[in-house]
Ligand SMILES: NC(=O)c1ccc[n+]([C@@H]2O[C@H](COP(=O)([O-])OP(=O)(O)OC[C@H]3O[C@@H](n4cnc5c(N)ncnc54)[C@H](O)[C@@H]3O)[C@@H](O)[C@H]2O)c1
């Protein structure tokens, strides 16, 4: 497939662009920062929230699919979160409709349901329950993907990623870790699954202590191979573990993230 990867200069983007190219896909990269050293793909320096600039990339490239990783991966103000996650997704979806590109794979987040108290294995159809404005942005981006799947027949897959890291570093990560290799497996499965319409999955490895249901991913062909448990012996307990384990979104559900939705002048 000829795939546009947004956020290609970021931590997930660098792994995904190299791996998709190695697996035989033609990768076109996009990021708002300049082309990183060592990049071997076609590269566009574009802000994904700029609908005209995004449309110009689609007009120049003949694409089969989009992997949307561009976005600020942390809490921000409500307007900034909406721009980073919703406006960027909207610009891509409009360009996809205009240029007949039917597949979008999106880096959503566990923080879309992060305020859910953590008890049994979380199903994918649990109600949206964000823990931050970041999570609100991810919920709204998923809603937009659902709308465009219904309205235009696009295939849009939201991957609610846990903790993408080279290796797990905390007790929470033993449940939420997504290894780089499994991330590539997840993205490729979401890109190539047959006619999913709108679908969501939890983006974690095959962790023994998984908090979230892996079956929706498996139904799309995502078979994770790694397990954070292999690192368990090297991770020491911390005083934050109880907070981290109380809600799906871990530390994002704490008071540290409480703030007004909108900045005021006085
Ligand atoms: N890293 C994780 O564990 C994790 C977990 C859940 C979800 N995610 C999501 O995955 C995506 C990628 O995360 P990451 O960890 O690689 O973050 P990152 O900050 O390392 O990379 C994000 C990249 O997106 C680019 N970017 C940001 N806004 C942009 C815009 N408007 N237009 C063009 N480029 C823009 C940045 O320049 C950066 O290169 C984000 O959407 C994040 O919310 C990540």
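Please treat every number below as a calculation from the coordinates, not as lab data. In this text, all values refer to a predicted model and were calculated from it rather than measured experimentally. Virtual Cβ from ideal backbone geometry, glycine too; neighbours counted across all protein chains shown.
Could you check the simple spin-label distance between residue 181 and residue 64, using points 7 Å along Cα→Cβ, in nm with one decimal?
Using points 7 Å along Cα→Cβ, the separation is 2.5 nm.
Report the relative contact order of the chain, percent, no decimals, based on alpha-carbon pairs under 8 angstrom and at least 6 residues apart.
Relative contact order of the chain: 18 percent.
Restricting to region 2-257, what percent of DSSP beta bridges are antiparallel, rounded to 5?
5
Quote to one decimal, in nm, the extra length available between residue 55 and residue 72 on full extension: 0.36 nm per residue of separation minus the C-alpha distance between them.
4.0 nm
Mean projection of the alpha-carbon convex hull of region 158-266 over all orientations, in nm²?
Seen from a random direction, the Cα hull of region 158-266 projects 9.2 nm² on average.
Angle, helix 11-22 long axis vs. longest principal axis of the chain, Cα atoms, 0 to 90°, nearest 10?
Value to nearest ten degrees: 60.
Arrange 240, 120 by Cβ neighbour counts within 10 Å, fewest through most, would you?
120, 240
Under 17 Å from a label point 7 Å along Cα→Cβ of residue 243: give me every residue in region 163-180 with its amide N that close.
170-173
Provide the gained length on full extension for the span residue 209 to residue 223, in nm with one decimal, where the gain is 0.36 nm per separating residue minus the Cα-Cα distance.
3.4 nm
So how many Å³ per residue does the convex hull of the Cα atoms of region 1-94 work out to?
In region 1-94, the Cα convex hull volume per residue is 85 Å³.
Under the rule a/c < 1.5 gives rounded, and otherwise a/b versus b/c splits prolate from oblate, where does region 65-142 land using the Cα gyration tensor?
In terms of gyration-tensor shape, oblate.
Give me the number: length gained by fully extending residue 127 to residue 23, i.e. 0.36 nm times residue separation minus the C-alpha to C-alpha distance, one decimal in nm.
Length gained between residue 127 and residue 23: 33.9 nm.
Based on other C-beta atoms within 10 Å, arrange 205, 77 from fewest to most.
In increasing order of surrounding Cβ atoms, one gets 77, 205.
Out of every Cα pair in the chain, what percent are spaced more than 25 Å from each other?
The calculated P(r) of the chain puts 42 percent of pairs beyond 25 Å.
Hey, what does the equivalent ellipsoid look like for region 122-162, semi-axes from the Cα gyration tensor as sqrt of 5 times each eigenvalue, largest first, whole Å?
Ellipsoid semi-axes (Å, largest first): 20, 12, 9.
Would you give the gap between the C-alpha center of region 1-53 and the C-alpha center of region 79-141, rounded to a whole Å?
20
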